[in-house]
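Reviewing the structure listed below.
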Amino acid sequence: MIIFNTKQEIKSYLNTQNQANKTIGFVPTMGALHEGHLSLIKKAKKKNDLVVVSIFVNPTQFDNKEDLVKYPKTFENDTKLLESVSCDVLFFPSVEEIYEDNISSEKFDFDGLEHQMEGKFRDGHFDGVGTIVKTLFEIVAPHRAYFGQKDFQQLQIIKKMVKKHRLNVKIKGCPIFREKDGLAMSSRNTRLSKDRRAAAPFIYKTLKKARKKFGIENAIKVTEWVENQFKKHPFLELEYFTIADEKTLKTVKKKESNKKYRAFIAVFAGEIRLIDNIRLKND
Ligand code: PAF
């Protein structure tokens, strides 16, 4: 695996690969890699001649300073994991390399997707995500880029950005990877206390029950039921639960037969914020 730290070096290397007609698959990450990331890389390996991974903890997408400072950094282990799945290129730039002396976000219009769910609780988050993903796409110029569905809103927003800005890259959404007990894999899971880690699978269990209920009850009733489940919980605090249209991400008021719906959840386990979602049946 070749490691690059500067834009210029990686650009010139990938340019040569491009000229040799090699297809490039790209997996942007913030490091602290886990099986979920590796599954994206394995997918990218199957479809592309060359796989590029970036590790960059992007300051502009953090609305919470402490979360940024405490974000896990495990570079040595990350490189071992990347080698284990035969990643070809790692881009590991500094904050200065990416933002120079102006650490700020571009303002985006994602046709309202940015105002739903996470957008209501994480001010400026999606402008930060849009800024870094667009910048990385300009540097890497990938043919395909891979994102996990755990951040489903992020995935839809990136697809929207690619469409609106006519970027020449195919966005591939990949299934959520879970621990054996159902907890969605996340770099933040390593920061959970023992009690809260033991409690966290309750999130996915509740989502599965909500999915069952959605077959027989309306979205408002299911939402109330989920909110009640968390009211009693000693270790987990619900921030939001909503059932939304997959395309618009707007909360469902009335089910329509030709639409696809998902349930979305954000929960605080102490100071660690966990998100998850599940596809719902709509027959
Ligand atoms: O999902 C993430 O890890 C980040 O939001 C991303 C896409 C790498 C941008 O910083």
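Structure above, values below:
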item: Some residue of segment 227-248 being exposed (fewer than 12 other Cβ atoms within 10 Å of the Cβ) and closer than 25 Å to residue 175 by Cβ; result: yes
item: Scope segment 1-34; condition part of a helix (DSSP H, G or I) and touching an Asp or Glu at 6+ places or on another chain (Cβ under 7 Å); matching residues; result: 7
item: Test result for residue 281, of a type outside the set (A, V, I, L, M), in contact with a strand residue (DSSP E or B) (Cβ under 9 Å, 6 or more places away or on another chain) and either surrounded by 14 or more Cβ atoms within 10 Å (Cβ to Cβ) or not in a strand (DSSP E or B) (or both); result: yes
item: Options 217, 179; residue that is within 17 Å of the chain's Cα centre (by Cα) and either among the acidic types (Asp, Glu) or at pLDDT below 95 (or both); result: 179
item: Matching residues in segment 73-94 - criterion: being surrounded by 20 or more Cβ atoms within 10 Å (Cβ to Cβ), touching a residue at least 60 places away in the same chain (Cβ under 8 Å) and outside any loop (DSSP other than H, G, I, E, B); result: 82, 89, 90, 91
item: Output for segment 115-142, where each listed residue is over 28 Å from residue 89 (Cβ atoms) and crowded, with 23+ Cβ neighbours inside 10 Å; result: 117, 118
item: Within segment 84-135, tally of residues that are among the β-branched types (Val, Ile, Thr) and within 18 Å of the chain's Cα centre (by Cα); result: 5
item: Residue 170 open to solvent by 40 Å² or more (accessible area, probe 1.4 Å), in contact with a Lys or Arg (Cβ under 7 Å, 6 or more places away or on another chain) and within 24 Å of residue 114 (Cα to Cα); result: yes
item: Among residues of segment 35-56, those that are crowded, with 18+ Cβ neighbours inside 10 Å and not in a strand (DSSP E or B), counted; result: 10
item: Out of 3, 24, sole residue that is in contact with a His (Cβ under 7 Å, 6 or more places away or on another chain) and either surrounded by fewer than 16 Cβ atoms within 10 Å (Cβ to Cβ) or of a type outside the set (Ser, Thr, Tyr) (or both); result: 24
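The values are calculated or read from the model by the stated rules, or taken from the named source; none is laboratory data. For clarity, every value in this text was computed on a predicted model and none was experimentally measured. Glycine also receives a Cβ, built like all others from the backbone with ideal geometry; neighbour counts cover every protein chain displayed. Side chains included, ligands, DNA and RNA excluded: accessible areas come from the protein's heavy atoms. Shrake-Rupley method; radii C 1.70, N 1.55, O 1.52, S 1.80 Å.
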